[in-house]
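First the structure, in the form of structure tokens, and then the observations on it.
The values are calculated or read from the model by the stated rules, or taken from the named source; none is laboratory data. These figures come from a predicted structure and were not determined experimentally. Note: ideal-geometry Cβ built from the backbone for every residue, glycine included; neighbour counts use all protein chains shown. To get the accessible areas, we keep the full protein, side chains included, count just its heavy atoms, and leave off ligands, DNA and RNA. Shrake-Rupley method; radii C 1.70, N 1.55, O 1.52, S 1.80 Å.
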Amino acid sequence: PEETVTSSFASFIHAVRPEHLSKTVCHRSKRMILDSIGVGLVGSTTPVFDIALQYCRELYSPVAVSSVYGKPGMKLSPTLAAFTNGVATHSMDFDDTWHPATHPSGAVLPALLAASQMLPPGTKPNGIDFLLAFNVGLEVQGRLMHFSTEAHNIPKRFHPPSVVGTMGSAAATAKLLSLSATQCAHALGIAASLAGAPMANAATQAKPLHIGNATRLGFEAALLAARGMEANPLILDDIPGCSGFSVFYSVYQPKPLSAPSDHHEFLLEKQDIAFKRFPAHLGMHWVVDAALSVRNLFINYAGSFSPSLIRTIVLKIPVSKYINRPFPSSEHQARHSFQFNACTALLDGEVGLNSFAESSIQRQELRELLDKVVVEHPEDNVANFDKMYGEVALLLHSGDVLTGKCDTFYGHWRKPLSKESLLKKFRLNASHVLPEEKIETIISMVDNLENLSDSSQL
């Protein structure tokens, strides 16, 4: 039969082998795995994680074989462990971000960790197979996002990881479980029926569910396909009059995914990842770095940071309604507020975990700064993580104007975190729930993942 886009994806998932992974892809993906575990561990300390965990423990009778982030000795059924750990990963909006925009690791890694523990002794995947499955999940997400130009800009309708993340989780789990090409196609088809979440739930406690559901439901799609469930074998193709995956995009131009050759190049080879230095929406990192820059100018100008000298704070940011929040009232709104993050950076000289505590959000001096903010949307500042910039200008009562601008923040794929910075972030995050010796064991295990004989040890 004639090859379709869907069948080409399924064939790729089935046929790709560890030798197709380059050193660059292995290096970058291991950095992603380490960072994602760290943000999941610190995320296990959040209220929304506690809600998700309580939900899973009380409403289900789990076949307890898979571990939960930050809860030593606790086990859940595999798919619920994936869900709970996915919620933890995005509970602070601290997880990695790709371009076109999505959070790729959190939608895939929890499913693979849970599946590794689910498989019986003697059939557990080794480290290189685990690494390959992880990269299959990334590759499918990236390829799907490149099918539409809409995906390149900050989303307006649906949260991308709830869509492409579900597909990536299904593909990664299908690879780890060694499903046939036909089963891989059905897994993608089933996953498409389980995908999607509206952007209206951004900046609420429901947003972390998008990642939890993506990793869990993709996992379930693969399990259902393994048990014989069938779905539309043309789910990724553009069929007039019958929407498949194209339902999520008004402009959709799918392309076949070539069978892996000796020289297959993963998208991660071409496009590195962005790691966040503080737990907030990626767009905030531009305005924070711009605010820190102008704060230094202000201190050199005045000798110290004195808000009373400031008449107006002008933010030049892209048009993006859900992250333009003048007066956030909750931690999740604050993580999605250009204004809050810029003013916090100006006031404190940093943005960190404690910046989003209620006591920090409700400070009178912060509210006074927020009252001075004016937002502008320059035409050249597009809502695109590869092209946008952040600019913060302080208009002083003296008539002087001080300006800070950031085109590429530290942690962006054009300006990657150093190994030292990534390890510092991981150690700080993991230290909230793990002792030092276990933290160092995880670092060593991920660094040598391709040599691990049993990935369930992770």
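Quick notes on this one:
- Out-of-range pairs (alpha-carbon distance over 30 Å; input Lys30/Lys405; Lys321/Lys438; Lys23/Lys438; Lys23/Lys71): Lys30/Lys405; Lys321/Lys438; Lys23/Lys71
- Neighbour net charge for Asn381 - beta-carbon separation under 10 angstrom, K R +1, D E -1: -2
- Here segment 248-287 is described by how far its Cα atoms reach on the three principal axes: 41, 32, 13 Å, from widest to narrowest.
- In nm, spacing of pseudo-spin labels at Asp50 and Val375 (7 Å Cα→C-beta vector): 3.2
- Cα-based values for segment 237-313, radius of gyration first and Dmax second, are 23.6, 66 Å.
- Using R0 = 51 Å, the C-beta based FRET efficiency linking Arg311 and Arg227 works out to 0.20.
- Full-stretch length increase - Leu353, Arg157 - with 0.36 nm per residue and alpha-carbon distance subtracted: 67.7 nm
- Share of Cα-Cα pairs in segment 179-241 lying beyond 18 Å, as whole percent: 43
- Karplus-derived 3J(HN,Hα), 6.51/-1.76/1.60, for each residue of segment 398-407, Hz, glycine and proline x: 6, x, 6, 10, 10, 10, x, 9, 10, 8
- Eigenvalues of the alpha-carbon gyration tensor of segment 130-273, scaled by 5 and square-rooted, set the equivalent ellipsoid semi-axes at 22, 18, 17 angstrom, largest first.
- Loop-resident trypsin sites (Lys or Arg not before Pro) (DSSP state other than H, G, I, E or B) in segment 125-205 with no more than 14 further Cβ atoms inside 10 Å of their Cβ: Lys156, Arg157.
- Net charge of neighbours whose Cβ lies under 12 Å from the Cβ of Asp237, counting Lys and Arg as +1 and Asp and Glu as -1: -2
- Amide H contacts of Val375 (H built 1.01 Å from N, under 5 Å, at least 5 apart or other chain): Leu315
- Gap separating the Cα centres of segment 262-337 and segment 1-71, nearest whole Å: 28
- For the chain, calculated [θ]222 nm from helices alone, where every DSSP H run of n ≥ 4 adds -39500 (n - 2.57): -14500 deg cm²/dmol
- A P(r) calculated from all alpha carbon pairs of segment 282-406, with 10 Å bins opening at zero, reads 14, 49, 32, 5 percent.
- Nearest 10 degrees, 0 to 90: helix 436-447 Cα axis against the chain principal axis: 60
- When Rg and the Kirkwood radius Rh are both evaluated on Cα atoms of segment 69-200, their ratio Rg/Rh stands at 0.97.
- For the chain, the per residue solvent-accessible surface stands at 39 Å², with DNA, RNA and ligands left out and a 1.4 Å probe.
- Cubic angstrom per residue, convex hull over Cα atoms of the chain: 143
- Between the helical axis of 23-43 and the longest alpha-carbon principal axis of the chain there is an angle of about 70 degrees.
- Within straight-line reach of Lys124, meaning a Cα separation under 19 Å, sit the following lysines at least 8 residues removed in sequence or on another chain: Lys75, Lys175.
- Extension gain from His263 to Ser250, taking 0.36 nm per residue of separation minus the Cα-Cα distance: 1.3 nm
- Carbon-plus-sulfur accessible fraction, the chain (probe radius 1.4 Å, protein heavy atoms only): 51%.
- On Cα atoms only, tilt of 78-90 relative to the major axis of the chain in degrees: 20
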